[in-house]
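Engineer: Questions regarding the structure given below will be posed in turn.
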Amino acid sequence: MKTIKERMPYIYTSDWHVTKETVFPKAFSETVDGIREMRIRGAGRIARSASKALAALAESYGGSDFSEMAEFLHDGAKLLLSTRPTAVSLKNGILFTLAGAKEDGVKNVGDYRKSVVGASEWFCEKSVSAIDAIAKHGSGLLCDGSTVLTHCNSSVAVSTIARANEMYDGIRAFATETRPWNQGHITARELASSGVDVNMIVDSAARHIMEREGVDAVFVGADTICMDGTVANKVGTSQIALAAMDLGIPFYVCGEFYKFSPDIKSGSYVVVEERGASEIADPFKFPGVKFKNPVFDLTPARNITSIITEDGAIRAEKVAGFVKRKFSRVMGFEM
Ligand code: RI2
């Protein structure tokens, strides 16, 4: 049986060259563009969209050549991987969909198609149920009258706060606006529509608010969790973690299994996505000014109280053991 590295070597490099002649269905190209242009965003949603797009690609293959179909799907995977480099959820969504599907022993296009579709359904279902489980564990860390702060728009952090609001009285939330894309606007609206007493603040007010408003805990999401417990998340996260630590406020990262990266040892190996200047300001209005727009940053394990997974909370320093157990149990193969 081939290892994942042998079957999907492109997962471990950034060589995502796609066979020239490959023509993808319009819906697939729309998903690729949607992820690249952030109409589809959020680490979990990106992963599920990529997985579903590959399943649809498998269904769209009209030929009868097994090897041709495998190449078609792997070319699709490469294109998806090229869209956003930081979130390992994207890579894992692809990995769980294609590596989870049986290739060895299956030489029949129909069986392969079924296997890819089945793996995608499995991944999407596990991904959604993980969010519920984390919301349950995370909300259990709060009580009546708790005040929380969150950054960016994490579906897991929002679900955790909304669930706490269902369980307890007097939950208050602060959501940073999260420049430059202002994903915090989405968070504020989502929390308000769930009935949470929510205030939106500018990013630079985070420390002051934590101190003056009696924030009890910070909950954020994750785009990539490295083996040493470093967390890559929306830029600004690391400063909030530092402030939380200084103030003695617990800082929790909500991370489903597919946010962990078995092959990224530490933060220095994370490719941090840099986006265009126009997301910050109109460069034409600033002659002579250069812009730098990294959209993620790295929070070291020492500034994280715990990472809340679907299996419960783990210390960030203990990530490596968790990943080894989880990935071999869930996938049943060596990474
Ligand atoms: P969920 C987002 O990235 C944010 O960094 C957020 O914390 C993370 O994905 C996790 O999101 P972006 O796509 O999976 O907005 O928790 O750049 O929804």
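Engineer: Which whole-number percent gives the relative contact order of the chain, counting Cα pairs below 8 Å spaced six or more residues apart?
Structural biologist: The normalised contact order for the chain reaches 16 percent.
Engineer: Also: In whole angstrom, note down how far apart the Cα centers of region 184-241 and region 6-35 are.
Structural biologist: 33
Engineer: Charges only on Cβ, +1 for Lys and Arg, -1 for Asp and Glu: so what's the dipole of the chain about the Cα centre, in debye to the nearest 20?
Structural biologist: In debye, rounded to 20, the chain gives about 380.
Engineer: Out of every Cα pair in the chain, what percent are spaced more than 39 Å from each other?
Structural biologist: So the portion of pairs separated by more than 39 Å is 16 percent.
Engineer: Could you give the accessible area per residue of the chain, probe 1.4 Å, as a whole number in Å²? It would help to have the intermediate numbers written out before the result.
Structural biologist: On the way: 14930 Å² over 335 residues.
Counting only protein heavy atoms, the per-residue value for the chain is 45 Å².
Engineer: With a/c under 1.5 counting as rounded, go ahead and sort region 141-223 into rounded, prolate or oblate using the C-alpha gyration tensor (a ≥ b ≥ c being the square roots of the eigenvalues; past the cut-off, prolate if a/b is larger than b/c, else oblate).
Structural biologist: Values: a/c = 1.69, a/b = 1.23, b/c = 1.38.
Oblate is the answer for region 141-223, as a/c is 1.5 or above yet b/c matches or exceeds a/b.
Engineer: Here's something else I'd like to know. For region 26-156, what % of the accessible area comes from carbon and sulfur atoms, probe 1.4 Å? Walk me through the intermediate numbers first.
Structural biologist: Numbers: 2420 of 4810 Å².
The value for region 26-156 is 50 percent carbon and sulfur by accessible area.
Engineer: For the chain, give the share of DSSP beta bridges that are antiparallel, in percent and rounded to the nearest 5; count only bridges with both residues there.
Structural biologist: Around 35 percent antiparallel, to the nearest 5.
Engineer: Checking the table Lys259/Lys290; Lys136/Lys292; Lys265/Lys290; Lys234/Lys285; Lys52/Lys290 against a 30 Å threshold on Cα-Cα, which pairs fail?
Structural biologist: On the way: Lys259/Lys290 33 Å; Lys136/Lys292 38 Å; Lys265/Lys290 32 Å; Lys234/Lys285 26 Å; Lys52/Lys290 39 Å.
Cα-Cα > 30 Å for Lys259/Lys290; Lys136/Lys292; Lys265/Lys290; Lys52/Lys290; rest within.
Engineer: Within region 233-335, what percent of beta bridges assigned by DSSP are antiparallel, to the nearest 5?
Structural biologist: Values: 6 of 9 bridges.
The antiparallel proportion sits near 65 percent.
Engineer: Pick from Asp282, Asp75, Asp297: which is most flexible by mean-square fluctuation in a GNM of the chain where alpha carbon atoms under 10 Å apart are linked?
Structural biologist: Highest fluctuation of the listed residues: Asp282.
Engineer: To continue, here is another question. Could you sort 225-237, 177-189, 253-265 so that the peptide with the highest average Cβ count within 10 Å comes first and the rest follow in order?
Structural biologist: Those peptides, ordered most packed to least, come out 225-237, 253-265, 177-189.
Engineer: Using Cα centres only, tell me the gap between region 254-320 and region 126-148 in whole Å.
Structural biologist: Using only Cα atoms, the two centres lie 22 Å from each other.
Engineer: Treat region 1-102 as a sphere of radius equal to its Kirkwood radius over Cα pairs and apply Stokes-Einstein at 4 °C in a medium of 1.567 mPa s; give the translational diffusion coefficient in µm²/s, rounded to a whole number.
Structural biologist: The calculation lands on 95 µm²/s.
The values are calculated or read from the model by the stated rules, or taken from the named source; none is laboratory data. Remember, predicted model here, so these are calculated numbers, not experimental data. Cβ atoms come from the backbone with ideal geometry, glycine included; neighbour counts cover every protein chain shown. With ligands, DNA and RNA removed, areas are computed over all heavy atoms of the protein, side chains included. Shrake-Rupley method; radii C 1.70, N 1.55, O 1.52, S 1.80 Å.
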